Amino acid sequence: MQILLVEDNKSITKALKYNLEQNQYKLLTAENVNNALKLLENEKIDLVILDVTLPDGNGFDLYQTIKEKYNISTIFLTAKDDEDDIVKGLELGAEDYITKPFSTRELLARINKIFLREKKNKIIKIKDITCDLDKMCVYKEEKEIQFSSLELKIIMLLFTNLNKVITREYIIEKIWDWTGNDVYDNTVTVYMKRIRKKLETPIITTIKGVGYRIDEE
């Protein structure tokens, strides 16, 4: 598992690097927002540990980008211990908010808890359809369904956002990100029709005029 630590205190970075690597985690480090964004763009990050006060920006703003663009679990690790800041961090959707000074053992315990929970959530079963998010495979009963690369990315988008409506506009944006090709509204209709035909199980709900959703049973 690869963790990104966004922290400008070199002593904290050095100590956490040693302790996390002793626990079989790989740690990437960034001292500011700009470097963090570069690593997020180019590396596979499984968890972010994020300070709020950074030399070139605000950790809360960076977290909004992490949440919206990368959907990576994040722990705030910061000296900002005001109750309003703690509530803000948690209300934004962070997994945890830990104030400095902190216990390394406690931080490790919370990291382990997040990864254990996420591991359990990597295989999702809805009716007779099973989605393995790690392998990026979808099965009907025990037989793998063969999707094209783009179809698979769309179905994964739905499975990683259970109970949430994914708008047609957002799917169009993602297809553009993935392919760089011009995409039209009827393109989404075509892909969704193909996906549904291959699933053969009505697990995708259409929200008329808005988008699509897969619900947990």
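The values are calculated or read from the model by the stated rules, or taken from the named source; none is laboratory data. Remember, it's a predicted structure, so these values are computed and weren't measured experimentally. All Cβ positions, glycine included, derive from the backbone under ideal geometry; neighbour counts span all protein chains shown. Accessible surface areas use protein heavy atoms only, side chains included; no ligands, DNA or RNA. Shrake-Rupley method; radii C 1.70, N 1.55, O 1.52, S 1.80 Å.
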**Study point:** Projected label distance in nm at ALA79 and ASN19, using a 7 Å step from Cα toward the beta-carbon
**Key:** 1.8
Check your understanding: What are the ³J(HN,Hα) values, in whole Hz, obtained from phi via the Karplus relation 6.51 cos²θ - 1.76 cosθ + 1.60 with θ = phi - 60°, for each residue of the stretch 95-112 in sequence order, with x given for Gly and Pro?
Key -> 5, 7, 9, 10, 9, 8, x, 9, 8, 4, 5, 5, 4, 4, 4, 6, 4, 4
Review point. When Rg is the radius of gyration of the Cα atoms in the stretch 109-217 and Rh is its Kirkwood radius, what does Rg/Rh come to?
Key: 0.99
Review point. Structure shown: which of LYS26/LYS140; LYS67/LYS197; LYS88/LYS164; LYS174/LYS198; LYS135/LYS174 lie over 26 Å apart, alpha-carbon to alpha-carbon?
Key: LYS26/LYS140; LYS67/LYS197
Study note, to complete from the structure: Heavy-atom accessible area of the chain with neighbours in place, 1.4 angstrom probe: carbon+sulfur share in percent works out to 48
Check your understanding: Heavy-atom accessible area per residue, the chain, 1.4 Å probe: how many Å²?
Key -> 58
**Study point:** Percentage relative contact order, the chain, counting C-alpha pairs under 8 Å, at least six apart
**Key:** 13
Review point. In percent, how large is the relative contact order of the stretch 1-87, given Cα pairs closer than 8 Å and 6 or more residues apart?
Key: 30
Point to revise | Cα-only radius of gyration and Dmax that characterise the stretch 1-44, units Å | key: 10.3, 28
Practice item. Count charges around ARG110 for me, please; just the other residues with Cβ under 9 Å from its Cβ, Lys/Arg as +1, Asp/Glu as -1. Key: -2
**Study point:** Relative counts (whole %) of C-alpha pair distances in the stretch 5-122, using bins that are 10 Å wide
**Key:** 13, 50, 35, 3
Point to revise | Where the Cα pairs of the chain fall when distances are cut into 10 Å bins, in % | key: 7, 29, 30, 22, 11, 1
Check your understanding: Restricting to the chain, what percent of DSSP beta bridges are antiparallel, rounded to 5?
Key -> 55
Check your understanding: Where does each of 177-186, 204-213, 123-132 land if you order them by average Cβ count within 10 Å, highest first?
Key -> 123-132, 204-213, 177-186
Exercise for review: Estimate the FRET efficiency between GLU142 and ASN163 by the formula 1/(1 + (r/R0)^6), using the beta-carbon distance for r and 41 Å for R0, to the nearest 0.05.
Suggested key: 0.95
**Study point:** Two-decimal log10 I(q)/I(0) for the stretch 59-113, as the Debye equation yields it once each C-alpha is a single scatterer, q = 0.19, 0.21, 0.28 Å⁻¹
**Key:** -0.66, -0.79, -1.18
**Study point:** Residue-averaged [θ]222 nm for the chain, counting only DSSP H segments that reach four residues, each worth -39500 (n - 2.57)
**Key:** -13500 deg cm²/dmol
Revision key, fill the gap. Highest mean packing first, using Cβ neighbours within 10 angstrom, the peptides 188-201, 100-113 sort as 188-201, 100-113
Exercise for review: Find how many whole Å separate the alpha carbon centroid of the stretch 31-88 from the alpha carbon centroid of the stretch 120-147.
Suggested key: 31
